[in-house]
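Worksheet: one structure, shown below.
The values are calculated or read from the model by the stated rules, or taken from the named source; none is laboratory data. All of these numbers come straight from a predicted model, not from anything done at the bench. When we count neighbours, we look across all protein chains shown, and the Cβ atoms used for this are built from the backbone with ideal geometry, even at glycine.
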Amino acid sequence: MKTSTRIESLSQHIGQEVELKGWVSNKREGKGIAFVILRDGSGYCQCVVTEESAGAEALAEATKLSLECSVILTGTVLADEKQVGGVEVQVNSLTTVGGSENYPISKKEHGVEFLMDQRHLWLRSARQWAIMRIRNTIIFSIHKYFQEQGFVQMDAPIFTGNACEGTSTLFETDFYGDPAYLSQSGQLYGEAMAMALGKIYTFGPTFRAEKSKTRRHLSEFWMIEPEMAFYDIFQNMDCIEGMLQAVVKDVLANCQEELKTIGRNTAVLESSLGAFPRMTYDQAVRIIKGEENVNGVNSIASLEEELAAKQAELAQIEAQIAEKEEQLKEPGLKKGQMNFYQSKVIEFKQIKSDLEEELRNIPQWIESARTFEYGNDFGGSDETVLTRLFDRPVMVYDWPHEVKAFYLKRNPEDTRFARGVDVLAPEGYGEIVGGGERETDVDMLIGKIHEHELPMEAFEWYLDLRRYGSVPHSGFGLGLERMVTWVCKLKHVRESIPFPRMYGRLTP
RNA sequence: UCCUCGAUAGCUCAGCUGGUUAGAGCGAGCGGCUGUUAACCGCUAGGUCGUUGGUUCGAGCCCAACUCGGGGAGCCA
């Protein structure tokens, strides 16, 4: 018996006999023939079982297969351009390894709650398979980029003793009788490590106890936090841009099949390989408020145009729903036609509810853009108003120091501003990276710690970093799941991580 | 914590302004047809309408509270 072959490499075995091990992701059958769509984790392949090639017994076995049965089969690889991957396998023998009765996830649509309850099985679906493969490519690519640039990977602790930025967003645990909190950032430790190793990055889990129920929040997520000695904010932005582009490039190079599986239009990913626009907070505010155009496009005018377009689209979809519902009432309708019209109605209603949501949002965005108060941090709608004018991530730097973290350096030429930088992803995804140049002046830091009413004793070690050989340094934090969500253009972060932990969701 | 929408069969949904025995498709089971790609044809099984209380001659539908879930605000990656 030959060693088994992975589906992803079948195209190199055309004309040969191979052994495949996997699960039944779909099956169709006819008289004297059965089509088994096998998946093995590396890909999907149609396996054809006929009486002539496999014998009556194997055909009977194939006919009995249900969704997600595990099987081992042997067969001949044939080129077939109609199939995914360009091949199909003519089966010679087939053995069932494990049965699978009443597999809960069907080929039809399911609701979010049901799928989340079945997450351990949902991961087997083609769409989830593709997302997890892209996530893996992104993780690998991040490591590769930093390693090639001479960064050292070092992890920050997960238990932290002091509630550095307020306890409300921290998970409290018991650490040998004392309260300890799960880390919500390794950044301060990253600074210490950068003073030791020059350029470092952390890659670890982060915990936020926010009772957020939105499409971009998780209670547990993975964050990459690089920290670089002797980098100013502009070198920091070069680093962010270089890393994000390396990741996008790797995904485009290695995940074409996965991107196709999830229906991702890659135009924006491709344009993201070009230089990212960089702008100060001041300029970003002018753009949001419609006082400055981007390539001739005005933020507010274009929102109003979009509103009108969406309203027309809504009227159209409503007409289509009415039409299909009318057709459903026709007497003597065949079962198949009824099924078709019904699934169309469901599909259109989904589009309709999405449209209605956008129609509720756009006026709020316009309102929020018009009334934006200079000096405030950006809200979700402000980010959307800004980023929809670009076809790639945008970097906004030099923020009013009051709205940013205590450790950010002031712009020496205008101390109203702190040298923070936010990277906002396009297509409505908002902040994926937050970072900046760090404050090096001890007195300035002490003042800030008092201003934020933080416990000074907890920061003594951090202040030491400025007392002994302080240097300009910068860093940033990348939210892995937000990156995956944008690259895959997912509607919600919960699909970007194998087992999401979020408000109201702890199992499976 | 606040705003908003929702909870009807294993799944996805319908159920008009409260009115007799609550419907469909998918899935499941059985049978027929078919080199097929979630949409061929027929039959069968399957529901104390989220929980509790209230209004009413009568509640899936109205009211209140609660539980769970979707979306959003705040906060952020």
From (1) assigned to a loop (DSSP other than H, G, I, E, B); (2) farther than 30 Å from residue A:403 by Cβ; (3) touching an Asp or Glu at 6+ places or on another chain (Cβ under 9 Å), pick out the condition that doesn't hold for residue A:150.
(3)
Does at least one position in the range A:8-16 carry a residue that is without any contact (Cβ under 8 Å) to a residue 24 or more places away in the chain and within 12 Å of residue A:77 (Cβ to Cβ)?
yes
If residue A:363 meets every condition in (1) touching a residue at least 12 places away in the same chain (Cβ under 8 Å); (2) surrounded by 13 or more Cβ atoms within 10 Å (Cβ to Cβ) apart from one, which number is that one?
(2)
When residue A:413 is run through (1) surrounded by fewer than 22 Cβ atoms within 10 Å (Cβ to Cβ); (2) without any contact (Cβ under 8 Å) to a residue 40 or more places away in the chain; (3) in contact with a strand residue (DSSP E or B) (Cβ under 6 Å, 6 or more places away or on another chain), the failure sits at (3)
Mind counting the residues in the range A:379-428 that are within 13 Å of RNA strand B (Cβ to nearest atom) and in a strand (DSSP E or B)?
12
Residue A:433 part of a loop (DSSP other than H, G, I, E, B) and touching a strand residue (DSSP E or B) at 6+ places or on another chain (Cβ under 8 Å):
no
Take the residues in the range A:351-375 that are assigned to a helix (DSSP H, G or I) and acidic (Asp, Glu); name whichever of them is nearest to residue A:315 (Cα to Cα).
A:356
Failed item in (1) in a helix (DSSP H, G or I); (2) surrounded by 14 or more Cβ atoms within 10 Å (Cβ to Cβ); (3) modelled with pLDDT under 75, with residue A:307 passing the rest
(3)
If you take the residues in the range A:466-498 that are more than 20 Å from residue A:206 (Cα to Cα) and within 8 Å of the chain's Cα centre (by Cα), which one is surrounded by the most Cβ atoms within 10 Å (Cβ to Cβ)?
A:487
Could you grab me the full set of residues in the range A:365-378 that are out of contact with any helix residue (DSSP H, G or I) (no Cβ under 6 Å at 6 or more places or on another chain) and within 11 Å of RNA strand B (Cβ to nearest atom)?
A:376, A:378
In this structure, is residue A:485 at pLDDT below 90, among the polar types (S, T, N, Q) and at negative phi?
no
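Which of the following residues is assigned by TED's automatic domain parsing to the domain that holds residue A:261, hydrophobic (A, V, I, L, M, F, W, C) and within 16 Å of RNA strand B (Cβ to nearest atom): A:115, A:182, A:197?
Only one candidate passes the filter, namely A:182.
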Candidates A:106, A:100, A:125, A:93 - the one that is hydroxyl-bearing (Ser, Thr, Tyr), in contact with a Leu (Cβ under 9 Å, 6 or more places away or on another chain) and under 29 Å from residue A:269 (Cα atoms):
A:125
Out of the residues in the range A:141-181 that are aliphatic (A, V, I, L, M) and within 22 Å of residue A:451 (Cβ to Cβ), which is modelled with the lowest pLDDT?
A:163
Residues of the range A:110-134 classified as within 21 Å of residue A:22 (Cβ to Cβ) and in a helix (DSSP H, G or I), total:
13
For the range A:191-287, give me every one of the strands (runs of 3 or more DSSP E) that falls completely inside it and has 2 or more residues that are at positive phi.
none
Filter result for residue A:25 (surrounded by fewer than 17 Cβ atoms within 10 Å (Cβ to Cβ), touching a residue at least 12 places away in the same chain (Cβ under 8 Å) and either of a type outside the set (D, E, K, R) or within 11 Å of RNA strand B (Cβ to nearest atom) (or both))
no
Restricted to the range A:429-473 and to residues being of a type in the set (Gly, Ala, Ser) and away from RNA strand B (no atom under 16 Å from the Cβ), the residue farthest from residue A:189 (Cα to Cα) is A:447
Odd one out for residue A:141 among (1) assigned by TED's automatic domain parsing to the domain that holds residue A:248; (2) in contact with a His (Cβ under 9 Å, 6 or more places away or on another chain):
(2)
Among the residues of the range A:52-99, count how many are acidic (Asp, Glu) and on the phi > 0 side of the Ramachandran plot.
1
